[in-house]
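One structure below.
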Amino acid sequence: MTITHNHPILKPRRTELRKNQTPREVLLWARLRGKQLGFKFKRQHSIGPYILDFYCPDKKLAIELDGFQHIENKEYDSERSDYLTVFGIKVIRFWNNEVNVNIEGVLQKVMSELNFPSH
């Protein structure tokens, strides 16, 4: 199975998501951009039919920020994670509130994943 990154059909949606980031996405992106953690991250990067909030291609690490809508979409989130796992991509999830109240803890978890040798 081949993996498709940033399929052109999803470009309008990716652009829209970048222009309309949530406050938590803005906050986390400010700490991920420009290789601040030692690795390049992309925001609103698509893989197959899914658009990831943040993606580190070097480490095949996806970061997803979850709001209240994810409480009801657990099955969708699970299918999405399973799809990405097939391509060796690890997904880590944070609740929006975690970013609001503990950004340093979120970054620490991201760093531990980036430094994990199996990625």
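Is one or more of the residues making up the range 15-25 among the hydrophobic types (A, V, I, L, M, F, W, C) and either over 15 Å from the mean Cα position of the chain (by Cα) or within 20 Å of LEU114 (Cβ to Cβ) (or both)?
The initial filter retains those residues of the range 15-25 that are among the hydrophobic types (A, V, I, L, M, F, W, C), namely 17.
Those left that are additionally either over 15 Å from the mean Cα position of the chain (by Cα) or within 20 Å of LEU114 (Cβ to Cβ) (or both): none.
No.
Go through the range 70-98 residue by residue and tally those that are β-branched (Val, Ile, Thr) and either under 13 Å from the mean Cα position of the chain (by Cα) or modelled with pLDDT under 85 (or both).
4
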(request) From (1) among the aromatic types (Phe, Trp, Tyr); (2) under 25 Å from PHE116 (Cα atoms); (3) out of contact with any Lys or Arg (no Cβ under 6 Å at 6 or more places or on another chain), pick out the condition that doesn't hold for TYR50. (result) (3)
(request) Considering only the range 6-46, state which residues are outside any helix (DSSP H, G or I), modelled with pLDDT of 95 or more and surrounded by 14 or more Cβ atoms within 10 Å (Cβ to Cβ). (result) LEU37, PHE39, LYS40, PHE41, LYS42, ARG43, GLN44, HIS45, SER46
(request) Would you check if there is a residue in the range 58-68 being in a helix (DSSP H, G or I) and touching a residue at least 24 places away in the same chain (Cβ under 8 Å)? (result) no
(message) Contact list please: Cβ distance under 6 Å, first residue in the range 1-22 and of a type in the set (S, T, N, Q), second residue part of a loop (DSSP other than H, G, I, E, B), pairs at least six apart or on different chains.
(response) THR4/GLY48
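The values are calculated or read from the model by the stated rules, or taken from the named source; none is laboratory data. Treat the numbers as computed from the prediction; the structure is a model and nothing was measured. Neighbour counts run over all protein chains shown; Cβ positions are idealised from the backbone, glycine included.
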